[in-house]
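Below is one structure, written out as structure tokens, with a few remarks after it.
Derivation of every value follows stated rules applied to the coordinates shown; laboratory data play no part. This one's a predicted model, so the numbers in the text were calculated from it and none came from an experiment. Every residue, glycine as well, gets a Cβ built from its backbone with ideal geometry; the counts of neighbours run over all protein chains shown.
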Amino acid sequence: AQSVSQHNHHVILSEAASLELGCNYSYGGTVNLFWYVQYPGQHLQLLLKYFSGDPLVKGIKGFEAEFIKSKFSFNLRKPSVQWSDTAEYFCAVLIYNQGGKLIFGQGTELSVKP
Amino acid sequence: DGGITQSPKYLFRKEGQNVTLSCEQNLNHDAMYWYRQDPGQGLRLIYYSQIVNDFQKGDIAEGYSVSREKKESFPLTVTSAQKNPTAFYLCASRSGLASTDTQYFGPGTRLTVL
């Protein structure tokens, strides 16, 4: 069965620290990849997405992610986090020909200390 | 103001009762989805619908039912057969069935069984 695994359940960083959140998926076919963010009390929002082309994608608020097909990975990065980045982050995979359903990872809670 | 609305925001249910969660979108999106979010488990797909009057089971459909009589509406009923219904429920919609279409999420309904 297809699955998505996020390596860290809870990450605590100080402001200005660099961030990398791991995401691996298990599926051998073509996939589209997403990172969503859920700020406290807010909607789940799209952070960035990869469909094809350049494997390094840039999203909102200075986030980027790199798709490494050989490693089935789509890690999220930010060079310098801010307190306002405190949120829960979800990696998701869209499997072709399955009605557009997304398979989500377990989520990573990021706490940034001021 | 376009978007996805879910109501109510909080819902309390006694054991043995059925409850219906509302999801409405004015984005003219074809596909709609229901997910359940539990701490540490990410989001799991309950049901989805790609067109009016048609819907498919997701990964955890047992104890739930849906209808899609109108394009803009996709209500979810949590029945008494659902063994552990306390969770955060998220509705999403997607403009089409192309792989490049993104899912957008509503604000969610938090259901608590007393």
(request) Quickly run through the stretch B:21-63 and pick out the residues that are facing chain A (nearest Cβ under 10 Å), of a type in the set (D, E, K, R) and closer than 16 Å to B:Ile4 by Cα. (result) B:Asp30
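Can you say whether A:Gly100 is within 13 Å of chain B (Cβ to nearest Cβ) and surrounded by fewer than 20 Cβ atoms within 10 Å (Cβ to Cβ), as far as the supplied structure shows?
Details: within 13 Å of chain B (Cβ to nearest Cβ): yes; surrounded by fewer than 20 Cβ atoms within 10 Å (Cβ to Cβ): no.
Considered against the rule, which asks whether it is within 13 Å of chain B (Cβ to nearest Cβ) and surrounded by fewer than 20 Cβ atoms within 10 Å (Cβ to Cβ), A:Gly100 comes out as no.
Residue by residue through the stretch B:14-38, note down the ones that are in contact with a strand residue (DSSP E or B) (Cβ under 9 Å, 6 or more places away or on another chain), surrounded by fewer than 17 Cβ atoms within 10 Å (Cβ to Cβ) and within 14 Å of B:Pro85 (Cα to Cα). Please lay out each step first, then the result.
The first filter runs over the stretch B:14-38 and keeps only residues in contact with a strand residue (DSSP E or B) (Cβ under 9 Å, 6 or more places away or on another chain), leaving B:14-15, B:17-27, B:29-38.
Filter once more, keeping what is surrounded by fewer than 17 Cβ atoms within 10 Å (Cβ to Cβ): B:14-15, B:17-18, B:20, B:22, B:26-27, B:38.
Across the stretch B:14-38, the qualifying residues are B:Lys14, B:Glu15, B:Gln17, B:Asn18, B:Thr20, B:Asp38.
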(request) Pull up the stretch A:15-35, narrow it to residues that are under 11 Å from the mean Cα position of the chain (by Cα) and in contact (Cβ under 8 Å) with a residue 60 or more places away in the chain, then point me to the one that is nearest to A:Gly105 (Cα to Cα). (result) A:Cys23
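How many of the residues in the stretch A:69-91 are within 11 Å of A:Leu47 (Cβ to Cβ) and among the small types (Gly, Ala, Ser)?
Of all residues in the stretch A:69-91, those within 11 Å of A:Leu47 (Cβ to Cβ) come to A:76, A:78, A:85, A:87, A:89-91.
This time we only want the ones that are among the small types (Gly, Ala, Ser), so: A:87.
So the answer is 1.
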(message) Go through (1) in contact with a Cys (Cβ under 8 Å, 6 or more places away or on another chain); (2) within 14 Å of chain B (Cβ to nearest Cβ); (3) not basic (Lys, Arg) for A:Leu94 and report which single condition fails.
(response) (1)
(request) Would you mind telling me which numbered condition in (1) within 14 Å of another protein chain (Cβ to nearest Cβ); (2) part of a strand (DSSP E or B); (3) in contact with a Leu (Cβ under 9 Å, 6 or more places away or on another chain) A:Glu109 fails? (result) (3)
(request) From the list B:Ser80, B:Ser93, B:Ser73, pick out the single residue that is touching a residue at least 24 places away in the same chain (Cβ under 8 Å) and either crowded, with 22+ Cβ neighbours inside 10 Å or at the interface with chain A (Cβ under 8 Å from one of its Cβ atoms) (or both). (result) B:Ser93
(request) Scan the stretch B:96-114 for residues that are over 10 Å from the mean Cα position of the chain (by Cα), surrounded by 14 or more Cβ atoms within 10 Å (Cβ to Cβ) and assigned to a loop (DSSP other than H, G, I, E, B) and jot them down. (result) B:Ser99, B:Asp101, B:Thr102, B:Pro107
